[in-house]
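Have a look at the structure below before the remarks.
Just so it is clear, none of the values below were taken in a lab; they were calculated from the coordinates. Given the structure is predicted, the values throughout are model-derived calculations rather than measurements. Note that we place each Cβ from the backbone using ideal geometry, even for glycine, and neighbour counts take in every protein chain shown.
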Amino acid sequence: MVCRLYLITPDRIDPARFAAALAAALDAGEVACVQLRLKGADDDGVRRAAASLMPLCAARDVAFLINDRPDLAAELDADGVHIGQDDASYAAARALLGPERIVGVTCHDSRDLAITAADAGADYVAFGAFFPTASKAAGTRAAPDLLRWWSDVTVVPCVAIGGITAANCGPLVRAGADFLAVIGAVWQHPEGPAAGVSALSRAITTAAAAFD
């Protein structure tokens, strides 16, 4: 599988304004997925954001996931949900979303958590943080060897997350990450989100070519 971008929204957005930034980002390079991650927003805030952003993703064949809330993902007919270890269980998420939609699971730096999630049927596992990040307090630090091991033992896709930029993503691509989850490297790029996606896309292509 070719490594692809997995965009995560900032914690707080104005959906109407952010829609333009998201459209520019999606049109600037290959993006596999967008995760709506609005920490602290109420249910109606998530609903309003999804109403603005989900059609942009659907029009570009980009998966749209809701963070933490399988109930809202099911209600809004999102493509799936991403759950952490302190959120709803995988079994509860799958029961709400059914067999066809995506359920991804945070596994930090734990091989055991990842194997448990994969055996249960998770569509992907997420490892991190690989680098220091300002997006959230990361209690674990993962190393590229974890990605290499995972790609050797299973076909379940893995997402690398945590402080990933165009400058540092090469080792993760070469280690076997299927997706790179990014926040600041796109939304806080000094030249704008489109430039952020373009830079990451070029870095992924360069790293993959070196790997081949």
Calculated [θ] (222 nm, deg cm²/dmol) that DSSP helices of n ≥ 4 give over the chain, each run adding -39,500 (n - 2.57): -13000 deg cm²/dmol
At R0 = 30 Å, FRET efficiency that the Cβ-Cβ distance of M1 and D71 yields, to 0.05: 0.50
Calculated FRET efficiency for the pair A92/A134, C-beta based, R₀ 30 Å, to 0.05: 0.45
Whole-angstrom Cα spans of the chain along principal axes, big to small: 43, 41, 30
Mean separation of Cα contacts under 8 Å (6+ apart) over length of region 4-211, as relative contact order %: 19
Length released on extending from Q85 to A20, taking residue separation times 0.36 nm less the Cα-Cα span: 20.2 nm
Among 122-129, 28-35, the order from most to least packed when residues are scored by Cβ within 10 Å on average: 122-129, 28-35
Simple label model, 7 Å out from Cα along Cβ direction - A143 to A210, nm: 1.9
Estimated distance in nm for a label pair at D11 and Q188, the labels positioned 7 Å out from Cα along Cα-to-Cβ: 1.2
Between region 1-27 and region 126-176, the Cα center-to-center distance that results, in Å: 20
